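Heads up: the structure comes next, in structure tokens.
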Amino acid sequence: MKTLLFLLVAAHTSAAELPPLPAGAFTVVVIPDSQGYLGLGTKIEPKSTNPVTNPWLENHVKFIREHRDDQNIVFVTHVGDIVEKDREAEWVIAKQHLDQLRGVVPFSLTVGNHDMSSKGDAHLFQQTFPAASFKAYPWYLGSYKHDRADQNVSANNVNSAQLFSAGGLDFIHLSLECNAPDDVLAWASQMLTQHAKRRAIVTTHMDLGVIDKPKATEGYHADPQGRMRWIKIHGARGNSGEQLWNKLFRKHANLAFILSGDQSRVTTLRRTDTGDHGNTVHALLSDYMSKGGLRLMRFLPAENRVDVLTWDTTNHELIETMPHKKEREHHQFSLPYEMRPAAK
């Protein structure tokens, strides 16, 4: 009934209005793939001589800064593909915008396939957002480390952990690189175990999408969709979404949400699974064509519910439809999530 009430209220809210934040609620913001850069050398404008810009990412960060208080934003995560081309010109712009979150709200950055080489070399990401630049923040728990020679792979904030609390609830969040290998998963498992009393959220780049790699272009939006069984990074070492679930996600009782991107032609997808300990795990994909869509996850502890809104920070309206997901229910919906014991 309460989920229905949210949908009815949202349905009667003007698309140009963001429904007010309910009393006692707090918001986790999810920035989808932000690889939509404009200007010199970019995919969108290859012949342009204009300076490189990213107006959509700029608007996302502006929204977060301006609405941190009225939306009670307590954490921000980016699902990866921060850039389109792994080159300095785009990383400079990404840093220019994302650094504006420092000192404003705890946040994490996930490394997508466009943010590194196919072998996992993420040196430009590491130079732009090194672990050392986060160590002063009390919410930054740390990042995966290894002693191999290839320090450009997986280490130095490519996989990271954060802590935050809101509404009387304590959370741990992990950002895991695209197709994270087994050594990274071992670290992630250790983090989740050490903080088993905290509620867990994981962001990784590839989880939900087209299940098997399409053999034709139309398959990227028309083929069966669910937990992915193919990879883009790390070769034989890389783990698909299905492997991540079986090797890591399903094993931890405190895990409640898996957030991902990567699949622009799928755009949005969700599924709910039961972990090995009987816990409910919601998986949410959001990749809004690298443009206006920003995910707002509103946690309502008193209602044991999370309202998920998709707000266009460029057009200032709720997203009602997209080319590959036309129904409103794909973009504005509610999920059950127990945060308060039922009254006796």
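The values are calculated or read from the model by the stated rules, or taken from the named source; none is laboratory data. Predicted model only: the values in this text are computed from it and were never measured. Glycine gets a Cβ as well: all are built from the backbone with ideal geometry, and neighbour counts include every protein chain shown. To get the accessible areas, we keep the full protein, side chains included, count just its heavy atoms, and leave off ligands, DNA and RNA. Shrake-Rupley method; radii C 1.70, N 1.55, O 1.52, S 1.80 Å.
Only bridges whose two residues both fall in the chain count here: according to DSSP, what percent of them are antiparallel, nearest 5?
Working: 42 of 64 bridges.
Bridges in the chain are about 65 percent antiparallel.
In whole percent, and with a 1.4 Å probe on the protein chains, what portion of the accessible area of the chain is carbon and sulfur?
On the way: 7560 of 14420 Å².
The C+S portion of the solvent-accessible surface of the chain is 52 percent.
Rolling a 1.4 Å probe across the protein heavy atoms gives the chain an accessible surface of 42 Å² per residue.
What shape does the range 136-197 take by its C-alpha gyration tensor, where a ≥ b ≥ c are the square roots of the eigenvalues and a/c under 1.5 counts as rounded, a/b above b/c as prolate, and the rest as oblate? Here the range 136-197 falls in the prolate category. H221 sits with roughly 80 Å² accessible to a 1.4 Å probe, with DNA, RNA and ligands left out of the calculation. Legend: calculated FRET efficiency, T280 to Q151, from the Cβ-Cβ distance at R0 = 30 Å, rounded to 0.05, equals 0.20. Between the alpha-carbon centres of the range 297-344 and the range 14-83 there is a gap of 17 Å.
So how much slack lies between E320 and R229, counting 0.36 nm per residue of separation and subtracting their Cα-Cα distance, in nm? Don't skip to the end; give the middle numbers.
Numbers: separation 91, 0.36 × 91 = 32.76 nm, distance 2.95 nm.
Roughly 29.8 nm would be gained on extension.
Checked against a 22 Å cut-off, the cross-linked pairs K47/K291; K135/K232; K119/K145; K43/K291; K62/K232; K291/K325 give Cα-Cα distances beyond that limit for K135/K232; K62/K232.
Remark: accessible surface ordering of E66, E317 (largest first) is E66, E317, probe radius 1.4 Å. So, in Å, what gap is there between the alpha-carbon centers of the range 168-204 and the range 241-264? Value for the Cα centre distance between the two parts: 10 Å. For the chain, the relative contact order works out to 18 percent when only alpha carbon pairs closer than 8 Å and six or more residues apart are counted. Length gained on full extension, K247 to S165, computed as 0.36 nm times the residue gap minus the Cα-Cα distance: 26.8 nm.
Okay, helix-only estimate at 222 nm for the chain: each DSSP H run of n ≥ 4 adds -39500 (n - 2.57), divide by all residues, round to 500 deg cm²/dmol; what do you get? Mind showing how you got there, number by number?
Details: 7 runs with 64 residues, N = 344.
Helix-only estimate at 222 nm: -5500 deg cm²/dmol.
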